[in-house]
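I have placed the structure first, in the form of structure tokens, so that the comments after it can refer back to it.
The values are calculated or read from the model by the stated rules, or taken from the named source; none is laboratory data. If you're wondering where the values come from, they're calculated on a predicted model, not measured in any experiment. Every residue, glycine as well, gets a Cβ built from its backbone with ideal geometry; the counts of neighbours run over all protein chains shown. We work out accessible area using only protein heavy atoms, side chains counted, and drop any ligands, DNA or RNA first. Shrake-Rupley method; radii C 1.70, N 1.55, O 1.52, S 1.80 Å.
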Amino acid sequence: MKVHHIACLGALAVACMAEGDEALANLTRWIVEEGGSVSSNVRVSAWDSANGRGIFAAKALQPGAEIARIPWDCTLRGTAAEMKGQIAPDEEALAPPAEVSVFLKLLRESRGESKLEPYLKVLPLLEDFTTAMYVSDANAKCLSANLRAQREFLFQKADRYTAAAAEEGELPETTTLWAFNTVATRALNVNGDCLLVPLFDFLNHAREGNVDIDPQEDALVIRVKSGLQGNVATGTQLTVNYGSHLSATKLFTLYGFVDTTFDEVPSQLAIPVPQSALEAVRAKSIGLDVLLAMNCNNASATMVPLHGKLPPKVLECVTLTIVDAKTRIGYPMLSDSEKASLIEAHYYDTLQVFGTHLIRVIAEYPSPDDSKCPVPDAADTKEAEMHALIGRLNLKLRKAYMGIKDALDNEVEQSGAPKVYVSKNSASKQQEPVEEQDDDYGEEGEL
């Protein structure tokens, strides 16, 4: 969801739409008429191109307070069962069946009269999306390697959805892209089903979201988190976490905004994955299969906090790139205490090797004055908007990785440990991390 900002809501709040957002007033009225409800203690902001919409507390809200009750009939639901036999198992990461199902239903609903018309009228237009798909080739030069790979994945995914839409008859490309982006940025997973839910998709992202969903027999209830310490104050934005596993780069790729609240970043370890039987034999002979079995390529499992203290999984993975092949191969057979001793013995070497790796990572995010990242013509507002977004993302990530490297350097210096020379032919260089591999673009599966 690239989610959107407020007017007043509630059964009696339709009259509060003095800002002239008639479509939003009609949406609220429709939800109530269908047996749902929207609290008069929240308000929805008017649309703007930078932030979309958002939902705010018009009055203080207690933990557990109900924000809205959306009848299931007001939602659009897709299930995997509806696509049985239509998507090959090896394509499901690219085209999750339940997601494709709701995509096709959205196309049908948008082509004529629809009961969901009040909802369809508040959805963003195609030109409103700012996901990585809408980064031009010129602006793509400003992206890191892993972002370019994620952008390419989105293109492949959109092509697969377009192919699925062929059975719906001849459709303009703009229509299928609109439906694809709408589902990709706004859909919600509930018990394995994929849903588009009015009002819920106005909630913006925050790492510490203050809203939960409560699926009930007749409706999806949106409420303030029950475990909050104290009330949600008047004027506070109501938010959800789009996914605790999503890095800042992934949030930019999928939703088109720069998250400034992250407290960890991907380590960007990337152990070479064998592409043939011969490569698999070679990988096993030097113990790379051990690293792969340990999920060292899993970005979610190898995140690094901004304070720079390497988590056990990252320490373990990086240590095994600097030891010899015999040690790597035998590592799984060691006891827990023997593993801990090995990691401790190489601790400061590991910090230095990882610090060298971070220099390469930092270089992946061009600074605003980098010659390979030219400023577009200001007259092209979309290009300028995307260029500015990428610049903010790169700056934020450069600072994050620099801060981590400084913390590692300080720890090594204070320890008095000898400096390590990382040669181009060392194991760590041989297995140089080159790009983030995670849920959508690597080994892990679904977003």
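Miscellaneous remarks
- Each residue of segment 105-117 was assigned a 3J(HN,Hα) from its phi angle through the Karplus expression (A = 6.51, B = -1.76, C = 1.60, θ = phi - 60°), giving 5, 5, 4, 5, 5, 7, 8, x, 5, 9, 4, 8, 3 Hz with x at Gly and Pro.
- Under 14 Å, Cβ to Cβ, from Glu33 - net charge with Lys/Arg +1 and Asp/Glu -1: 0
- In a reduced charge model with +1 at each Lys and Arg Cβ and -1 at each Asp and Glu Cβ, segment 95-246 shows a dipole moment near 460 debye about its Cα centre.
- Projected label distance in nm at Glu173 and Ala277, using a 7 Å step from Cα toward the beta-carbon: 4.1 nm
- In this structure, the residue pairs whose Cα-Cα separation is over 22 Å, taken from Lys84/Lys157; Lys339/Lys405; Lys309/Lys419; Lys284/Lys309; Lys250/Lys396; Lys141/Lys250, are Lys339/Lys405; Lys284/Lys309.
- The longest part of the chain holding none of the exposed loop GluC sites (Glu not before Pro), meaning those outside H, G, I, E and B in DSSP with at most 12 other Cβ atoms within 10 Å, is 218-445.
- The shape of the chain comes out prolate: with a ≥ b ≥ c from the C-alpha gyration tensor, a/c is at least 1.5 and a/b beats b/c.
- Between Asp218 and Ala293, the modelled label-to-label distance comes to 5.5 nm, taking each label 7 Å out from Cα in the direction of the beta carbon.
- Calculated mean residue ellipticity, 222 nm, the chain: -12000 deg cm²/dmol, from DSSP H runs (n ≥ 4) at -39500 (n - 2.57) each, averaged per residue and rounded to 500.
- Relative contact order of the chain, defined on C-alpha pairs under 8 angstrom at six or more residues apart (%): 18 percent
- For segment 115-181, trypsin sites (Lys or Arg not before Pro) meeting the loop criterion (DSSP other than H, G, I, E, B) and having at most 14 other Cβ atoms within 10 Å: Lys115, Lys121.
- Debye, to nearest 20: dipole size of the chain, +1 on Lys, Arg Cβ, -1 on Asp, Glu Cβ: 860 debye
- Using the Karplus relation 6.51 cos²θ - 1.76 cosθ + 1.60 with θ = phi - 60°, the per-residue 3J(HN,Hα) values for segment 278-288 come to 5, 5, 5, 5, 4, 4, 5, 5, 10, x, 5 Hz, with x marking Gly and Pro.
- In sequence order, segment 356-364 has phi-based couplings of 5, 4, 5, 4, 5, 5, 4, 5, 6 Hz under the Karplus curve 6.51 cos²θ - 1.76 cosθ + 1.60, θ = phi - 60°, and Gly or Pro positions carry x.
- The chain - accessible surface per residue (Å², probe 1.4 Å): 45 Å²
- Estimated FRET transfer efficiency when R0 is 41 angstrom, pair Met402-Thr236 (beta carbons, to 0.05): 0.80
- With every protein chain in place, segment 338-425: carbon and sulfur % of accessible area (1.4 Å): 54 percent
- Whether segment 266-340 is rounded, prolate or oblate, judged on the alpha carbon gyration tensor where a/c under 1.5 counts as rounded: oblate
- Placing R0 at 56 angstrom, the Cβ-Cβ distance between Met333 and Ser226 gives a FRET efficiency of 0.75 after rounding to 0.05.
- Listed by chain and number, the aspartates and glutamates whose C-alpha is less than 18 Å from the C-alpha of Lys115, apart from same-chain residues fewer than 8 away, are Glu22, Glu33, Glu34, Asp73, Asp218.
- Pairwise FRET efficiency - Thr162 versus Asp370, Cβ, R0 = 35 Å, nearest 0.05: 0.55
- Between amide H atoms placed 1.01 Å from N, distances below 5 Å from Leu76 occur with Leu196, all of them 5 or more places distant or on a separate chain.
- Global geometry of segment 135-215, whether rounded, prolate or oblate, following the gyration tensor of its Cα atoms and the 1.5 cut on a/c: oblate
- Within the accessible surface of segment 185-261, defined with a 1.4 Å probe on protein heavy atoms only, the carbon and sulfur portion equals 43 percent.
- Residues in segment 165-181 reached by a label modelled at Gln86 [backbone nitrogen below 13 Å; 7 Å Cα→Cβ]: 165-169
- Working from label points 7 Å from Cα in the Cα-to-Cβ sense, the Phe155 to Glu22 distance is 4.1 nm.
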